[in-house]
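Enquirer: The structure's right below; bear with me while I get my questions together.
A short reminder: the numbers here are calculations on the coordinates, not readings from a lab. In this text the structure is predicted, and so the values were computed from the model without any measurement. Methodologically, a virtual Cβ is constructed for each residue, glycine included, from the backbone with ideal geometry; neighbour enumeration extends over all protein chains shown.
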């Protein structure tokens with residue numbers, strides 16, 4: 001078993017050859033993929049892929065980049081769409097102060113609305129955070145104190161301190177192909193000590209293709225390369241890490257569990 005816990009099969013570069021992309025993933029041992037939505041206009045396509053393929057699951061959410069353009073996507077709308085049997089997560093959502101493509105207050109409002117949907121449905125929230133560690137943690141902690149909810153920090157690139165505080169909140173941490181990059185020493189240092197029982201692996205494809213695929217369009221098959229690198233980095237057996245991260249995925253995204 002091997003799971004890509006975060007990919008965008010409907011994005012350009014993958015959507016045009018979706019059947020071939022899925023076949024290559026399966027050939028490398030990938031048994032499940034979580035296809036992530038970032039805009040409401042993507043929800044139908046993301047769900048269609050999940051309905052068509054038993055090893056593809058879906059999320060519904062609004063990326064912080066698109067918070068400004070989705071003022072009408074509230075908790076109720078997310079909860080309604082999350083009732084679909086193939087939707088297993090809420091997001092991706094969060095805060096991105098690096099690009100600031102949406103007003104920060106609006107990003108926070110959208111993020112909070114997604115958290116409320118997670119609290120109401122029990123589905124995990126999929127968190128994007130960039131250059132917004134303090135506000136991300138504060139908002140998560142504030143809402144967690146009201147009603148606990150499951151979640152994952154996707155494509156983790158934040159600080160060691162952020163990782164520890166996210167784990168303290170009960171969240172999982174997902175590592176992408178960035179960990180294989182030569183300039184990722186800080187991330188590699190964190191990835192070494194992350195508890196195996198809270199670790200997920202993802203591609204975030206079509207982005208962030210890991211070594212040895214740098215420069216190529218990322219795809220779910222490449223999750224095997226990230227896992228191999230991570231196992232060597234952590235001095236763990238590949239089969240053990242493969243089994244653990246897959247079990248973690250189904251523990252967190254329990255609606256997808258066999």
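Enquirer: Among the residues of segment 10-52, which ones are free of Cβ contacts under 8 Å to residues at least 12 places away in the same chain and surrounded by 15 or more Cβ atoms within 10 Å (Cβ to Cβ)?
Expert: Within segment 10-52, 48 is the sole residue that qualifies.
Enquirer: Here is a further query. If the Cβ limit is 6 Å and pairs must be 6+ apart or interchain, which residue in segment 155-168 that is on the phi > 0 side of the Ramachandran plot and touching a residue at least 24 places away in the same chain (Cβ under 8 Å) pairs with which residue that is crowded, with 22+ Cβ neighbours inside 10 Å and not in a helix (DSSP H, G or I)?
Expert: So the pair list comes out as 155/176; 155/204.
Enquirer: In the list 73, 87, which residue meets the criterion of being touching a helix residue (DSSP H, G or I) at 6+ places or on another chain (Cβ under 6 Å) and either in contact (Cβ under 8 Å) with a residue 24 or more places away in the chain or within 13 Å of residue 117 (Cβ to Cβ) (or both)? Outline the logic, then answer.
Expert: Details: 87 fails: touching a helix residue (DSSP H, G or I) at 6+ places or on another chain (Cβ under 6 Å).
So the residue among 73, 87 that is touching a helix residue (DSSP H, G or I) at 6+ places or on another chain (Cβ under 6 Å) and either in contact (Cβ under 8 Å) with a residue 24 or more places away in the chain or within 13 Å of residue 117 (Cβ to Cβ) (or both) is 73.
Enquirer: Being more than 12 Å from residue 199 (Cβ to Cβ) and surrounded by fewer than 20 Cβ atoms within 10 Å (Cβ to Cβ) is the filter here, so list the residues in segment 244-255 that pass it.
Expert: Step one: list which residues in segment 244-255 are more than 12 Å from residue 199 (Cβ to Cβ), which gives 250, 253-255.
Across segment 244-255, the qualifying residues are 250, 254, 255.
Enquirer: If you don't mind, there's one more thing I want to ask. Just checking, how many residues over segment 77-127 are under 18 Å from the mean Cα position of the chain (by Cα) and under 21 Å from residue 32 (Cα atoms)?
Expert: Looking only at that region, the number is 14.
Enquirer: Could you please let me know if residue 101 is free of Cβ contacts under 8 Å to residues at least 60 places away in the same chain and either crowded, with 21+ Cβ neighbours inside 10 Å or under 21 Å from residue 194 (Cβ atoms) (or both)? Spell out the reasoning first.
Expert: Numbers: free of Cβ contacts under 8 Å to residues at least 60 places away in the same chain: yes; either crowded, with 21+ Cβ neighbours inside 10 Å or under 21 Å from residue 194 (Cβ atoms) (or both): no.
Taking the combined requirement at face value, the residue does not satisfy it.
Enquirer: Regarding segment 174-193, can at least one residue be identified that is within 21 Å of residue 61 (Cα to Cα), touching a residue at least 24 places away in the same chain (Cβ under 8 Å) and touching a strand residue (DSSP E or B) at 6+ places or on another chain (Cβ under 7 Å)? Spell out the reasoning first.
Expert: So the first thing to find is which residues in segment 174-193 are within 21 Å of residue 61 (Cα to Cα), and the list is 174-176.
Those still in the list that are touching a residue at least 24 places away in the same chain (Cβ under 8 Å) too: 174-176.
Now drop any that are not touching a strand residue (DSSP E or B) at 6+ places or on another chain (Cβ under 7 Å), which leaves 174-175.
Yes, the conditions are met somewhere in segment 174-193.
Enquirer: What are the residues in segment 213-226 that are surrounded by fewer than 22 Cβ atoms within 10 Å (Cβ to Cβ) and in a helix (DSSP H, G or I), if any? Give the derivation first.
Expert: Start the filter on segment 213-226 by keeping residues that are surrounded by fewer than 22 Cβ atoms within 10 Å (Cβ to Cβ), which leaves 213-217, 224-225.
Within segment 213-226, 224, 225 qualify.
Enquirer: Name the strands (runs of 3 or more DSSP E) wholly within segment 1-64 that hold at least 3 residues that are within 18 Å of residue 218 (Cα to Cα)? Spell out the reasoning first.
Expert: Details: elements: 3-7, 32-35, 56-60.
Answer list for segment 1-64: 3-7, 32-35.
Enquirer: For segment 190-212, which positions are assigned to a strand (DSSP E or B) and closer than 17 Å to residue 26 by Cα? Walk me through how you get there before you give the answer.
Expert: Initial filter on segment 190-212 (assigned to a strand (DSSP E or B)): 199-201, 205.
Hits for segment 190-212 are 201, 205.
Enquirer: Does segment 230-258 hold any residues that are touching a helix residue (DSSP H, G or I) at 6+ places or on another chain (Cβ under 7 Å), assigned to a helix (DSSP H, G or I) and more than 25 Å from residue 189 (Cβ to Cβ), and which are they?
Expert: 250, 256, listed by residue number.
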